[in-house]
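So the structure is just underneath, and the comments pick up after that.
The values are calculated or read from the model by the stated rules, or taken from the named source; none is laboratory data. Values in this document were obtained by computation on a predicted structure and should not be read as measured data. As a convention, Cβ positions derive from the backbone with ideal geometry for all residues, glycine included, and neighbour counts pool all protein chains shown. Quick note on the areas: whole protein, heavy atoms, side chains included, nothing else; ligands and nucleic acids left out. Shrake-Rupley method; radii C 1.70, N 1.55, O 1.52, S 1.80 Å.
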Amino acid sequence: MKVRIDPEICQGQGRCFSIAPGIFDFDDLGNGVVIGDGTLTSDSIEQARLAQLNCPEHAIFIEE
Amino acid sequence: MTDNPLVQDFATDWDHSDPQWVADPYPIWDDLRQRCPVAHTDRYGGGWFPSTHAGVAAIAKDTKNFTSRNVVIGNGRPTELDLPAPIGVAPPITSDPPFHALARKLILPAFAPRPINALEPMIRELCSSLLDGLSGEDIVNAGTKYAQYIPPGVIRGMLGFPEGDIEYFLELVHIIMEGVDHPEEERIIEFEPVEKYFVAQMEDHIDNPRDDLTSYLLKAELDGQKLAMEHVFGTMVLILVAGIDTTWSAIGAAIWHLAQNPDDLARLVAEPDLMPVAIEEFLRFYAPVTMARLVKHDMEYQGCPMKQDDWILLGFPAANRDPVAFKDADTFIIDRAENRHVAFGLGIHRCAGSNLARLEMRVALEEFIKRYPRFELADPPAVTWAPGQIRGPRNLPIRILR
Ligand code: HEM
Ligand code: SF4
């Protein structure tokens with residue numbers, strides 16, 4: 001499973017990196033970015049889902 | 001404003017300055033959502049009010065059919081004298097694409113998490129010294145003596161204006177807040193002292209550049225060109241207008257809530273780690289900001305016959321109470337885990353200051369409950385709410401329980 005942020009949709013609402021700082025970070029404009037290649041472990045998947053459920057822009061995608 | 005006749009039916013004649021709406025808008029919005037999800041009014045020259053999450057989101061993201069040329073509803077239709085899209089009077093909030101992205105990119109780095117997080121000690125010291133000034137009193141006005149002073153104090157620090165000037169700076173902020181929607185000729189005269197002081201500060205920053213927002217804006221470039229002083233001044237005014245009443249309202253509403261919900265207050269005192277999650281719920285439940293758009297051309301939209309230059313009042317606070325988007329939408333749940341609230345807007349105009357607003361809210365509340373772990377409303381009917389597009393408690397007397 002992998003997580004990604006669609007930069008066209010993300011508006012830097014900042015929910016992802018405060019909920020799951022191990023998975024998400026931010027760039028110089030404050031937009032969300034995924035750390036590394038976004039591969040999720042069984043431990044991190046729940047955090048990634050929670051971030052997804054809190055992103056007002058629906059910019060976070062979790063894919064097989 | 002209050003000279004307008006009282007509203008009988010908000011579906012066909014809504015008015016966001018009607019006393020019933022100002023006092024408690026939530027039942028009105030619940031009713032509209034069921035009966036008429038895009039309400040109409042002939043007031044203000046004609047306008048529409050979407051009250052569902054889906055309706056608000058669609059319009060906020062649709063910059064083809066709606067313009068941000070004017071985001072504050074005035075009396076009557078906008079005139080051709082209002083600065084045209086895409087730049088507008090106060091970029092980026094009044095800008096449309098494609099210029100909007102340029103103006104926004106200019107300020108975003110200054111409001112990104114890294115520079116904002118560095119302000120935490122300064123904000124904490126400010127809150128703590130405001131509380132020192134109130135110590136020993138049994139009743140403190142958390143609105144006019146605490147929340148009100150935090151955002152301008154913080155912005156003064158960010159701009160790098162002298163700390164000793166704070167009283168004068170607050171006076172200038174007051175002039176801006178009062179005058180911002182006055183006609184341009186009046187505004188230019190009223191803003192003279194503001195401009196004089198700000199220009200003096202800018203000149204000082206040109207001679208002695210330092211690590212603050214003023215120096216940042218003076219260094220910033222748009223299309224390879226440094227910004228004109230007027231542009232820097234305009235941006236500073238926008239930041240003051242957008243950042244002060246909004247954050248004051250958000251901090252005040254949270255204290256108002258805690259004063260009436262001792263269980264929530266006790267939980268926050270006992271579980272400080274809950275604060276960031278609680279802040280998102282404060283923002284959802286008491287979202288202070290409603291923004292306007294103008295319809296670009298005659299069209300049928302969401303089943304409504306919209307006319308060019310009709311107002312749209314974007315009910316972000318109403319969207320946050322939509323039961324389709326939120327479970328138990330009308331219940332405040334301090335540890336709500338799933339919370340896609342839209343208090344900071346949606347789409348390209350998403351609040352540029354949201355990292356700062358969240359930090360100010362967190363530190364202001366942390367310091368307040370550390371000092372006063374138990375408190376209640378001293379005089380519930382005495383609490384007043386600001387009318388208009390920024391809603392929050394103003395007079396907020398709190399009894400400290402010892
Ligand atoms: C809790 C406090 C705040 C709330 C609820 C809030 C809410 C909002 C909302 C809803 C918008 C979108 C406007 C639209 O769609 O037309 C907005 C835009 C904006 N806000 Fe805030 N705001 C807050 C605090 C701040 C602060 C502290 C600052 C800066 C110091 C700030 C600066 C801005 C700016 C510059 C924009 C325009 C962004 C753009 O058009 O791209 N806000 N705010
Ligand atoms: S929560 Fe969503 S909009 Fe916000 S930074 Fe993360 S991905 Fe972007």
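Couple of notes before you dig in:
- Residues (in a loop (DSSP other than H, G, I, E, B) and either surrounded by 15 or more Cβ atoms within 10 Å (Cβ to Cβ) or within 11 Å of chain B (Cβ to nearest Cβ) (or both)) located in segment A:9-28: A:Ile9, A:Cys10, A:Gln11, A:Gly12, A:Gln13, A:Gly14, A:Ala20, A:Pro21, A:Ile23, A:Asp27, A:Asp28
- The number of residues in segment B:188-233 that are exposed (fewer than 15 other Cβ atoms within 10 Å of the Cβ) and under 19 Å from B:Ile93 (Cβ atoms) comes to 2.
- Here B:Tyr372 clears all of (1) open to solvent by less than 40 Å² (accessible area, probe 1.4 Å); (2) away from chain A (no Cβ under 14 Å); (3) closer than 16 Å to B:Ala287 by Cα; (4) not basic (Lys, Arg) except the condition numbered (3).
- Of the helices (runs of 4 or more DSSP H) lying entirely inside segment B:235-325, those containing at least 2 residues that are open to solvent by 10 Å² or more (accessible area, probe 1.4 Å) and within 11 Å of ligand 1 (Cβ to nearest atom) span B:245-260.
- Filtered by the rule that a residue be surrounded by fewer than 17 Cβ atoms within 10 Å (Cβ to Cβ), assigned to a helix (DSSP H, G or I) and touching a residue at least 24 places away in the same chain (Cβ under 8 Å), segment B:110-154 gives B:Asn117, B:Glu120, B:Met122, B:Arg124, B:Ser128.
- Among the candidates A:Cys16, A:Cys55, A:Cys10, residue that is within 16 Å of ligand 1 (Cβ to nearest atom), within 27 Å of B:Phe326 (Cα to Cα) and of a type in the set (A, V, I, L, M, F, W, C): A:Cys10
- The set of residues from segment B:282-297 being among the hydrophobic types (A, V, I, L, M, F, W, C) and more than 16 Å from ligand 2 (Cβ to nearest atom) comprises B:Phe282, B:Phe285, B:Ala287, B:Val289, B:Met291, B:Ala292, B:Leu294, B:Val295.
- Residue list for segment B:311-350, filter: under 20 Å from B:Ser95 (Cβ atoms) and either of a type in the set (D, E, K, R) or free of Cβ contacts under 8 Å to residues at least 12 places away in the same chain (or both): B:Arg350
- Of all residues in segment A:29-60 being away from chain B (no Cβ under 12 Å) and loosely packed, with under 14 Cβ neighbours inside 10 Å, the one that is farthest from B:Phe111 (Cα to Cα): A:Ser42
- Single condition B:Ile279 does not satisfy, out of (1) within 16 Å of ligand 2 (Cβ to nearest atom); (2) away from every other protein chain (no Cβ under 14 Å); (3) of a type outside the set (D, E, K, R): (2)
- Residue that is farthest from ligand 2 (Cβ to nearest atom), among those in segment B:217-247 that are of a type in the set (D, E, K, R) and touching a strand residue (DSSP E or B) at 6+ places or on another chain (Cβ under 9 Å): B:Lys219
- Condition met for B:Val269 (more than 16 Å from ligand 2 (Cβ to nearest atom), closer than 27 Å to B:Ala378 by Cα, modelled with pLDDT of 95 or more and touching a Gly at 6+ places or on another chain (Cβ under 8 Å)): no
Yes or no, residue by residue, for (1) surrounded by fewer than 20 Cβ atoms within 10 Å (Cβ to Cβ); (2) assigned to a loop (DSSP other than H, G, I, E, B); (3) of a type in the set (Phe, Trp, Tyr); (4) at pLDDT 95 or above:
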position	(1), (2), (3), (4)
B:Ile28	no, no, no, yes
B:Gly55	no, no, no, yes
B:Asp62	yes, yes, no, yes
B:Asn70	no, yes, no, no
B:Asp96	no, yes, no, no
